[in-house]
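In what follows, a structure is listed as structure tokens, so that the remarks can point back to it.
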Amino acid sequence: MNRVDDLLIRSRRAVLPDGERPADVSVRDGRIAAISDHAGGAPAKAAVDLGDVALLPGLVDTHVHINEPGRTEWEGFATATRAAAAGGVTTLIDMPLNSLPPTVDPEALEAKRAAAEGACAVDVGFWGGAVPGNLASLRPLHRLGVFGFKCFTSDSGVPEFPPLSHEQTRAAFREIASFGGLVIVHAEDPAALSAPSGGGYAEFLASRPASAERRAVERVVRLAAETGVRAHILHLSAADCLDVLAEARAQGVPVTAETCPHYLALTAQEAAGTAFKCCPPIRGAANRERLWQGLADGLISCVVSDHSPCTPELKRGDFATAWGGVSSLQLGLPVVWTAARERGHRLDEVVRWMSEAPAALAGVPRKGGIAVGNDADLVAFAPGETLTVDPAALHHRHPVTPYEGRTLTGAVRRTWLRGVPAGERPAGRLLAREAR
Ligand code: ZN
């Protein structure tokens, strides 16, 4: 009864589920044991007073490509999760493709878990994949604890993870709906995509128009309405899709959406090199402002990284040939906070987009908020500190970044995973969906 807590963290800016206020947060056995008024917490074995540095829940990044096993030279569990810890991300969910084998059957999930076990500095869960021919593996993967299933409507970039045809998408949605699962969709209509007519950014952008996203999102909404599956649109880039999502919501169709830091912070006009290349592409400034409006309106619920690295060799060349993917696991929080604050958004909104909503989307137990009983995954964040992005300070395997040299506002000072400083040791656990 009278046992002393392990840790007391005090901050004048604690971001709690009901907003920001001064508070003391007590930690015991890796969980949040109490939330008290500022300076009102019970004494603990160790205490940290953050002063005006904010205390946030650890971020939950549901869109990370780790590539191990099989393409570990692109990125691996040890490097990616060290970058995550340094960036205030305490939980990530790994995408089912770009590793070999892709996570499309129980054996592949076992290979993923074996590669990740003992290597992770933060907690890691897994998405499964829905590809042509693996319908019978979806329910077993669900039972084994994947958080949902990713599928593509267009080419994925790797041959071992083909897209689903319209009919295959319908069958997968039906199957996933039958056990109450979640499907997450890369939505670009292949019929509206073309090969770039040149190697510059303008040609690349023209080859992946907003209409491609819009048509695919419309199709996902229709199939979700028909099958009743819970569907989530990944990495929304085209703001033209927002009214489709608004219409779906008005009709009660369960479709949600996310966007990524690069779509909120960068524009096509400043795409200076292939570090900016990703699919769907970063678009113009007016589109970017409409994405911010979509977040403010709640039509986009999550902001997650789509951290998708490769070797520097594959990132060379021009916009027609280079690998598409932006690596930003470590930088997402300051990138989004810098841009959010310029637009008058508060820190608790950023926390909702980057921690609470992704945790709720995937149904990650005990994550996504500073609440009694949750894991004590916490971040000390100095919201007024400025930093200039130095690739040498990035922990991911290949520090290629479009943010090089940029000055950002907001710095992660410390990250705790279950009440223990994160990053130095592979203390992360492998997470599985829990039956709800
Ligand atoms: Zn991705």
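The values are calculated or read from the model by the stated rules, or taken from the named source; none is laboratory data. Only a predicted model underlies this, so the values are computations on that prediction, with no experimental measurement involved. In this analysis, Cβ positions are derived from the backbone assuming ideal geometry, glycine residues included, and neighbour counts consider all displayed protein chains. Keep in mind that these areas ignore ligands, DNA and RNA; they rest on the heavy atoms of the full protein, side chains included. Shrake-Rupley method; radii C 1.70, N 1.55, O 1.52, S 1.80 Å.
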For Thr91, what is the net charge nearby, where nearby means another residue's Cβ is under 9 Å from its Cβ and Lys, Arg count +1, Asp, Glu -1? -3
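To the nearest 20 debye, what charge dipole does the chain have about its Cα centre, counting +1 at the Cβ of each Lys and Arg and -1 at the Cβ of each Asp and Glu? Intermediate values should be presented prior to the final figure.
Numbers: 45 positive and 50 negative charges, 123 e Å.
Computed charge dipole of the chain: roughly 600 debye.
Can you give the FRET efficiency to the nearest 0.05 for Glu226 and Glu424, using r as the Cβ-Cβ distance and R₀ = 45 Å? Could you put the intermediate results ahead of the total?
Values: r = 50 Å, r/R0 = 1.10.
Result of the calculation: an efficiency of 0.35.
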Long-range amide H partners of Ile184 with built H, under 5 Å: Phe149, Lys150, Cys151, His232
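Considering Cα pairs under 8 angstrom that are at least six residues apart, work out the relative contact order of the chain and quote it in whole percent. Walk me through the numbers on the way to the answer.
On the way: 1080 pairs, mean separation 94.0, N = 436.
The value is 22 percent.
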Which percent of the accessible area of the chain is formed by carbon and sulfur heavy atoms (probe 1.4 angstrom)? 51 percent
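With a 1.4 Å probe and every protein chain left in place, work out the accessible area per residue of the chain in Å², rounded to a whole number.
Values: 15720 Å² over 436 residues.
Per-residue accessible area for the chain comes out at 36 Å².
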Please work out the FRET efficiency for the pair Asp155 and Ala250, using the Cβ-Cβ distance as r and a Förster radius of 45 Å; give the result to the nearest 0.05. 0.90
Using the Cβ atoms and a cut-off under 15 Å, what net charge is assigned to the surroundings of Gly294, where Lys and Arg are +1 and Asp and Glu are -1? -1
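In deg cm²/dmol and to the nearest 500, what is the mean residue ellipticity at 222 nm of the chain if only DSSP H runs of at least 4 residues count, each as -39500 (n - 2.57), divided by the residue total? Could you put the intermediate results ahead of the total?
On the way: 13 runs with 121 residues, N = 436.
About -8000 deg cm²/dmol.
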Checked against the positive end of the charge dipole of the stretch 58-362 (+1 on Cβ of Lys and Arg, -1 on Cβ of Asp and Glu, about the Cα centre), the farthest of Ala296, Ser207, Ser137 is Ala296
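Considering only DSSP beta bridges where both residues belong to the chain, give the percentage that are antiparallel (nearest 5). Each step should come with its number before you reach the end.
Numbers: 29 of 62 bridges.
Taking every DSSP beta bridge within the chain, about 45 percent pair in antiparallel fashion.
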Please work out the FRET efficiency for the pair Lys45 and Glu73, using the Cβ-Cβ distance as r and a Förster radius of 25 Å; give the result to the nearest 0.05. 0.05
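Show me 241-248, 63-70, 384-391 ranked by packing, highest mean number of other Cβ atoms within 10 Å first. Display every interim value, and only then the final one.
Details: 241-248: 19.6, 63-70: 23.8, 384-391: 13.9.
Highest-to-lowest ranking by the protection proxy: 63-70, 241-248, 384-391.
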If you average the C-alpha positions of the stretch 279-329 and of the stretch 26-78 separately, how far apart do those two centres end up, in angstrom? 26 Å
Angle check, please: helix 166-178 long axis (alpha carbons) against the longest principal axis of the chain (alpha carbons), in degrees 0 to 90, nearest 10. 30 degrees
